[in-house]
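S.K.: First, the structure itself, so that you have it in front of you.
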Amino acid sequence: MARPVKVETLLPVEVDFQRERASGLRRSGDSLEKALDALSRSERELRASSGLSRVERYAGYRALWKEAERLRWNLTVQREACGLRNHRDLDLIYPLPPLLRE
C-alpha cells in the first residue's frame, strides 16, 4: 500500500512550478513586445517609402509580421497550458496590426 503524501512536501514544488509558469509567460510577453515594436518601426518605414524601396522593405515587413503572429500564438498556447482561457486582454496589451498589402 502506498504511503499518503503530505501536502507540506508538495507545496514548495508547486510554488516552483508557479514561478516557472510566470517566468515563462513574462519571457514570451517580452519577446512579443519586442517583435511588435520592430514591426511598428518597419510599418512606419514602409508607409514612408515608395517604388523599388517599398518593394524591398515589404519583404522585411512581412517577415516581421509573421514572426509577431507566431510569437502571439505561442503566448496564447502557453497561457492556455497555464489554465488561462480568456485571451481578450492579449488583444489590448499586444495588438497585432492587420498585415499591410503590397
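S.K.: What's the center-to-center distance, using Cα atoms, between region 61-102 and region 22-51 in Å?
M.R.: What the calculation gives is 11 Å, centre to centre.
S.K.: Using only the Cα atoms of region 25-93, what semi-axes does the equivalent ellipsoid have when each is the square root of 5 times a gyration tensor eigenvalue? Give whole Å, largest first.
M.R.: Equivalent ellipsoid of region 25-93: 29, 10, 9 Å, largest first.
S.K.: For region 16-27, what does the Karplus curve 6.51 cos²θ - 1.76 cosθ + 1.60, with θ = phi - 60°, yield as ³J(HN,Hα) per residue in whole Hz, taken in order and with x for Gly and Pro?
M.R.: 4, 4, 4, 4, 5, 4, 4, 5, x, 5, 5, 4
S.K.: Let me ask another. Treating region 60-102 as a set of equal point scatterers at the Cα positions, no solvent, please give the Debye-formula log₁₀ I(q)/I(0) at q = 0.20 Å⁻¹.
M.R.: Reported log10 I(q)/I(0), two decimals: -0.66.
Just so you know, all these numbers are worked out from the coordinates, no wet-lab data involved. These figures come from a predicted structure and were not determined experimentally.
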